[in-house]
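Input: a single structure, listed below in structure tokens.
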Amino acid sequence: MNIENSHIFYAVLVGIGATVIMDLWALGARRVLNVPSPNYCLVGRWLSHMPGGRFMHTSIVAAAKKNAECAIGWGFHYVIGVVYVFLLVVPTSGRWLEQPTLTPALLVGIGTVLIPYFIMQPSFGLGIAAARTANPAQARVRSLMSHTAYGVGLYLAAILVNRLV
């Protein structure tokens, strides 16, 4: 598994692009389908409580607000979007970036939904896969659709990066 510096640079561009596409999906779903958008400020709140040793919350919404939580949450959202690209880049030694295909991108995108289901949502006090929310099935589908959009975004962003550079 040999990754060239150019692959790292292209992966960062693809990760940012895929995350933008995921966010555009959320914006469209909010405007057209009245689906609430993810609140990345709460992600920032969760992360901001960690240095104090607090990783799990009964309710992240009720947890004390922290300075710059929105900037931290949004920044983390984009950093993670970049990190996930390496699930495609590392095993293929960068070849996927050179010749992107949809199926692996979708598998990575859909697979990343396991992180919110089993780490973030329980840590926020929402239970495994949002089991403690008012409508768990709806919350699960929203997460799955967002991560599917991210997978499609991986593919589209990789094609765009290939054409531009």
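For (1) of a type in the set (Phe, Trp, Tyr); (2) more than 24 Å from SER143 (Cβ to Cβ); (3) in contact (Cβ under 8 Å) with a residue 40 or more places away in the chain; (4) not in a helix (DSSP H, G or I), each residue gets a yes or a no:
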| residue | (1), (2), (3), (4) |
| --- | --- |
| ILE3 | no, yes, yes, yes |
| HIS7 | no, yes, yes, no |
| TYR10 | yes, yes, yes, no |
| VAL14 | no, no, yes, no |
| MET22 | no, no, yes, no |
| ALA26 | no, no, yes, no |
| VAL32 | no, no, no, no |
| VAL35 | no, no, yes, yes |
Subset of segment 127-150 (residues that are within 19 Å of TRP46 (Cα to Cα), assigned to a helix (DSSP H, G or I) and β-branched (Val, Ile, Thr)): ILE128
Subset of segment 108-165 (residues that are out of contact with any His (no Cβ under 7 Å at 6 or more places or on another chain), of a type in the set (Gly, Ala, Ser) and over 17 Å from VAL83 (Cβ atoms)): GLY127, ALA129, ALA130, ALA131, ALA134, ALA137, ALA139, SER143, ALA149
Whether any residue in segment 47-59 is buried (at least 17 other Cβ atoms within 10 Å of the Cβ) and of a type in the set (A, V, I, L, M, F, W, C) is what I want to check. no
ALA62 passes all but one of the listed conditions (1) in a loop (DSSP other than H, G, I, E, B); (2) modelled with pLDDT under 95; (3) not polar (S, T, N, Q); the exception is number (2)
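On the given criteria, is GLU98 surrounded by 12 or more Cβ atoms within 10 Å (Cβ to Cβ), farther than 22 Å from LEU24 by Cβ and within 18 Å of the chain's Cα centre (by Cα)? Spell out the reasoning first.
Working: surrounded by 12 or more Cβ atoms within 10 Å (Cβ to Cβ): yes; farther than 22 Å from LEU24 by Cβ: yes; within 18 Å of the chain's Cα centre (by Cα): no.
It is false that GLU98 is surrounded by 12 or more Cβ atoms within 10 Å (Cβ to Cβ), farther than 22 Å from LEU24 by Cβ and within 18 Å of the chain's Cα centre (by Cα).
Say whether the condition of being touching an Asp or Glu at 6+ places or on another chain (Cβ under 9 Å), surrounded by 16 or more Cβ atoms within 10 Å (Cβ to Cβ), assigned to a helix (DSSP H, G or I) and in contact (Cβ under 8 Å) with a residue 24 or more places away in the chain is met by at least one residue in segment 67-76.
No.
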Conditions (1) among the acidic types (Asp, Glu); (2) modelled with pLDDT under 95; (3) within 21 Å of ALA130 (Cα to Cα) -> GLU4 fails only (3)
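Would you check if SER48 is part of a loop (DSSP other than H, G, I, E, B) and either over 20 Å from the mean Cα position of the chain (by Cα) or more than 24 Å from LEU144 (Cα to Cα) (or both)? Explain how you work it out, then say what you get.
Numbers: part of a loop (DSSP other than H, G, I, E, B): no; either over 20 Å from the mean Cα position of the chain (by Cα) or more than 24 Å from LEU144 (Cα to Cα) (or both): yes.
No, not satisfied.
Taking the conditions exactly as written (surrounded by 14 or more Cβ atoms within 10 Å (Cβ to Cβ), closer than 23 Å to ASN5 by Cβ, without any contact (Cβ under 8 Å) to a residue 40 or more places away in the chain and of a type in the set (Val, Ile, Thr)), does THR92 satisfy them or not?
Working: surrounded by 14 or more Cβ atoms within 10 Å (Cβ to Cβ): yes; closer than 23 Å to ASN5 by Cβ: yes; without any contact (Cβ under 8 Å) to a residue 40 or more places away in the chain: yes; of a type in the set (Val, Ile, Thr): yes.
So THR92 fits the description; yes.
In segment 101-126, which residue that is hydroxyl-bearing (Ser, Thr, Tyr) and assigned to a helix (DSSP H, G or I) is surrounded by the most Cβ atoms within 10 Å (Cβ to Cβ)?
As a first pass, look at segment 101-126 and keep what is hydroxyl-bearing (Ser, Thr, Tyr): 101, 103, 112, 117, 123.
Next, only the ones that are assigned to a helix (DSSP H, G or I) stay: 103, 117, 123.
On the way: THR103: 9, TYR117: 21, SER123: 17.
Filtering segment 101-126 for residues that are hydroxyl-bearing (Ser, Thr, Tyr) and assigned to a helix (DSSP H, G or I), the one surrounded by the most Cβ atoms within 10 Å (Cβ to Cβ) comes out as TYR117.
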Taking the criterion of being of a type in the set (Lys, Arg), in contact with a Ser or Thr (Cβ under 8 Å, 6 or more places away or on another chain) and over 22 Å from HIS147 (Cβ atoms), would at least one residue in segment 52-62 satisfy it? no
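The values are calculated or read from the model by the stated rules, or taken from the named source; none is laboratory data. All of these numbers come straight from a predicted model, not from anything done at the bench. Note: ideal-geometry Cβ built from the backbone for every residue, glycine included; neighbour counts use all protein chains shown.
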